[in-house]
1. For a quick check of your reading of the model, give me the residue pairs whose first member lies in segment 169-189 and is within 13 Å of residue 276 (Cα to Cα), whose second is among the polar types (S, T, N, Q) and buried (at least 16 other Cβ atoms within 10 Å of the Cβ), with beta-carbon atoms closer than 6 Å and at least 6 apart or on different chains.
2. Which residues, taken from segment 179-199, are touching a Gly at 6+ places or on another chain (Cβ under 8 Å) and near ligand 1 (Cβ under 10 Å from one of its atoms)?
3. Filter segment 255-283 for residues that are more than 15 Å from ligand 1 (Cβ to nearest atom) and either out of contact with any Ser or Thr (no Cβ under 9 Å at 6 or more places or on another chain) or β-branched (Val, Ile, Thr) (or both) and give the result.
4. Just to be sure before I move on: is residue 62 touching a residue at least 40 places away in the same chain (Cβ under 8 Å), buried (at least 24 other Cβ atoms within 10 Å of the Cβ) and not assigned by TED's automatic domain parsing to the domain that holds residue 148 in the structure I sent?
5. Would you check if residue 292 is in contact with a helix residue (DSSP H, G or I) (Cβ under 7 Å, 6 or more places away or on another chain) and more than 16 Å from ligand 1 (Cβ to nearest atom)?
6. Here are 53, 27, 45: which of them is crowded, with 18+ Cβ neighbours inside 10 Å and among the acidic types (Asp, Glu)?
7. What strands (runs of 3 or more DSSP E) completely inside segment 127-212 contain at least 1 residues that are among the aromatic types (Phe, Trp, Tyr)?
8. Would you call residue 2 modelled with pLDDT of 95 or more, in contact with a helix residue (DSSP H, G or I) (Cβ under 9 Å, 6 or more places away or on another chain) and more than 16 Å from ligand 1 (Cβ to nearest atom)?
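The values are calculated or read from the model by the stated rules, or taken from the named source; none is laboratory data. Please read these numbers as outputs of a predicted model, since none were measured by experiment. So basically every Cβ, Gly included, is an ideal-geometry build from the backbone, and we count neighbours across all protein chains shown.
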Amino acid sequence: MTTVLAIETSCDETAVALVQDRQVLAEAVASQISQHQVYGGVVPEIASRQHLEVINFLMAQVQAETGIRWTDVDGIAATCAPGLVGALNVGLTVAKTLAILHRRPLVGIHHLEGHICAAYLTEPDLTPPFLCLLVSGGHTSLVAVRDWQTYEPLGQTRDDAVGEAFDKVARLLGLGYPGGPAIDRLAQTGNPHAFGLPEGKISLPQGGYHPYDMSFSGLKTAVRRLVEQLPQPLPVADLAASFQYTVVQTLTRRAIRCALDQDLKTLVVAGGVAANRELRATITAAAAQHGIRVVIPPMRYCTDNAAMIGCAGVIRLSQGQQSPLSLVSQSRLPLTAVASLYAA
Ligand code: KG4
Ligand code: ZN
């Protein structure tokens, strides 16, 4: 058994978890949404300060709940890339300090690897290979997970990430931050076929379209035009439902086609947008028609959390990997460069 203390501070959630293999022993999360809401988005400086204010409290909470001493864990994992550097630094510095004090291995975790590993938490038998549709606030891609840590990107957005598109459209509709959950809620009462919106396709030089790449900025612009042209009061629920329908169709079509082409029998959907109810239902139904197994983590493990970082930490440690204490936070790092986080 491998037990890992995990810390996640890459954006606007401060989260600490104690994970043993695929089991979450304890977790504590402090959301900063109310602090950022008045600004309509995440303010990096406020995020860092807020992480600093609550992290010790969350660590104490997890310790009190489990009675564990940090000396007894097998390793200390923290998200170190990608994300807001000031925010990442808070969690990584806490992890390094504990690693030095208690002579435990430090394990830096790539945030997107964490999102993928969330799928292992509730599926004891899940193992690679599988296809992952990674849909978060800053990232949208189709990644073939060939082996525990071998990632092959097969398709991606050429412009906005899908979560970013949800947030921008929510702002256009006056729904505030965070936009994804607001659109998800409102779309329940709207007509998804009220407005025919364009699906962003990527043309290929030889003709036709890229089978897996996507684009969401044209869709966002189409919603903006409607908002400018339609008479008041705006049919906000219909607009939200039509936007969401178009996004979900785009993602589902690309993911199913990719899984079939690559002969991958399991499809994992991960990242904050995987919490979207319409996406969960549509992709599950479409995959069932093609005999593809779908794994979508429970909603609390789709959005940012430390349990997924702990699970990734357990896997890295089990493979004999740890990070040097000289590890630094990075705002960007492709998933294909994740090996650079570990000592040779
Ligand atoms: O993975 P995540 O928590 O943070 C990042 O790593 O980016 O994803 C946050 C994104 C935000 O853009 C948020 O609007 C979106 O996930 N999101 C949703 C839903 N819940 C969160 N989008 C659509 N429907 C939801 N229910
Ligand atoms: Zn995330």
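1. Listed by first residue and then by second, the contacts come to 183/244; 184/276; 187/244.
2. 180, 182
3. The answer is 255, 256, 257, 258, 260, 261, 262, 263, 264, 265, 266, 267.
4. Working: touching a residue at least 40 places away in the same chain (Cβ under 8 Å): yes; buried (at least 24 other Cβ atoms within 10 Å of the Cβ): no; not assigned by TED's automatic domain parsing to the domain that holds residue 148: yes.
No.
5. Numbers: in contact with a helix residue (DSSP H, G or I) (Cβ under 7 Å, 6 or more places away or on another chain): yes; more than 16 Å from ligand 1 (Cβ to nearest atom): yes.
In short, yes.
6. Working: 53 fails: crowded, with 18+ Cβ neighbours inside 10 Å; 45 fails: crowded, with 18+ Cβ neighbours inside 10 Å.
Checking each option against the conditions leaves just 27.
7. Details: elements: 130-135, 140-147, 150-156.
Because the criterion is at least 1 residues that are among the aromatic types (Phe, Trp, Tyr), the strands (runs of 3 or more DSSP E) in segment 127-212 that meet it are 130-135, 150-156.
8. Details: modelled with pLDDT of 95 or more: yes; in contact with a helix residue (DSSP H, G or I) (Cβ under 9 Å, 6 or more places away or on another chain): yes; more than 16 Å from ligand 1 (Cβ to nearest atom): yes.
Yes, satisfied.
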